[in-house]
Amino acid sequence: MLKKVATVLFLLNLTACSIFFRSKSPEAGPQAASTNVQLGLAYLQSGDVQRAKQRLLLAKQQAPQSTESQGAMGYFLESTGNFPEAEAYYRRAVVLNPKSGAAQNNYGTFLCRRGRYVEADQHFLLALQDSDYLNTAQVYENAGLCAMQAAATSKATGYFIQAITQDPRRAISWLELSRINYEQKNYLQAQQYFDHYIQLNKDPMPNALWLGAVLSRALGNEDAAGRYTLMLQTRFPDSDAYQALMKTPIRKSKQQQLYY
């Protein structure tokens, strides 16, 4: 049931650091292009599509051989629904620098969102070969989420474990491991993974509250089940997760042997 309501988050990392603002230098070159890439992405995030496009086009002119500007333009086009042209930019980025972990990761996430799971996995693996790429934990998490979309649960589990091993702050990986173990009826292990997720995320998503409720039911923890149910009902009453919870049958825990 949770597969129908889970919000799959692909964390597309177009640069190695967070978006931030720099001085608006008119000079051409990689530094100026990087500034305009980050300004363009910030505009896109705020909904100012026109300014975002202007900045990203300028970045492409300033550094046409930059994988960062090519990937950012690909993300812009994907976000605005121009998928064929977006793929051309993502592909150009990996052609310009096949060893770039960021470029391979970006192309992999795009392919996964388009349902091309086998190709996506190949690019994630290529991203992991870049020893200079800092965000390998994110690549493992993206690969795990993509594997889940492809119903490759065993492969996904391995990727998520790698993600939390490299970076214990990967909240989504903890949540997905909890979900996998819940579906396999490993309730105690699922609870341990879920506890890690809650420690990292004080504002759970609807699908996480669903999991917290059904997992607590399975373990016979009525207080926790009621708490997560109430949170889901009051905060997300119209969500698919809440509707799913109302239809979810109560499971029997092998460990607790309790019903309710």
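Things to note:
- Remark: relative contact order (the chain) = 13 percent; criterion is Cα-Cα distance under 8 angstrom and separation of 6 or more residues.
- When you restrict to C-alpha pairs under 8 Å that are six or more residues apart and normalise by the size of the range 115-173, the relative contact order lands at 33 percent.
- For the range 129-136, Karplus couplings with θ = phi - 60° (6.51, -1.76, 1.60), whole Hz, Gly/Pro x: 7, 7, 5, 8, 7, 7, 9, 5
- Of every Cα-Cα pair in the chain, the percent that sits beyond 31 Å: 34
- With contributions of -39500 (n - 2.57) from each DSSP H run of at least four residues, the per-residue ellipticity at 222 nm computed over the chain stands at -21500 deg cm²/dmol.
- For the range 151-193, a crude dipole built from +1 on the beta carbon of Lys and Arg and -1 on the beta carbon of Asp and Glu, taken about the Cα centre, is about 0 debye to the nearest 20.
- Area accessible to solvent at Asp238, 1.4 Å probe radius, in Å²: 140
- Cβ-based net charge around Ser173, under 9 Å, with every Lys or Arg adding one and every Asp or Glu removing one: -2
- Extension gain for Leu200 to Gln243 (0.36 nm times residue separation, less C-alpha to C-alpha distance): 12.9 nm.
- Radius of gyration, Dmax [the range 62-103; alpha carbons; angstrom]: 9.6, 28
- Calculated from backbone phi, Karplus (6.51, -1.76, 1.60) coupling profile of the range 33-40 in Hz, x at Gly/Pro: 5, 4, 4, 5, 4, 6, 5, x
- Phi to ³J(HN,Hα) by Karplus 6.51 cos²θ - 1.76 cosθ + 1.60 over the range 45-62, Hz, x for Gly, Pro: 4, 8, x, 8, 5, 4, 5, 4, 5, 4, 5, 6, 5, 5, 4, 5, 5, 6
- Placing +1 on each Lys and Arg Cβ and -1 on each Asp and Glu Cβ, with no other charges, gives the chain a dipole about its Cα centre of roughly 400 debye.
- Accessible area per residue for the chain is 49 Å², calculated with a 1.4 Å probe on protein heavy atoms, without ligands, DNA or RNA.
- A 1.4 Å probe, protein heavy atoms only, puts the accessible area of Val37 near 0 Å².
- Among the protein heavy atoms, those of Tyr159 account for about 30 Å² of accessible surface (1.4 Å probe, every chain in place).
- Of all accessible heavy-atom area on the range 179-227, the percent that carbon and sulfur account for (1.4 Å): 41
- Cα-centre dipole for the range 118-260 with unit charges at Cβ (Lys and Arg positive, Asp and Glu negative), debye to 20: 700
The values are calculated or read from the model by the stated rules, or taken from the named source; none is laboratory data. All values reported here derive from a predicted model rather than from experimental measurement. In this analysis, Cβ positions are derived from the backbone assuming ideal geometry, glycine residues included, and neighbour counts consider all displayed protein chains. Note: accessible area is taken over every heavy atom of the protein model, side chains too, but ligands, DNA and RNA are not part of it. Shrake-Rupley method; radii C 1.70, N 1.55, O 1.52, S 1.80 Å.
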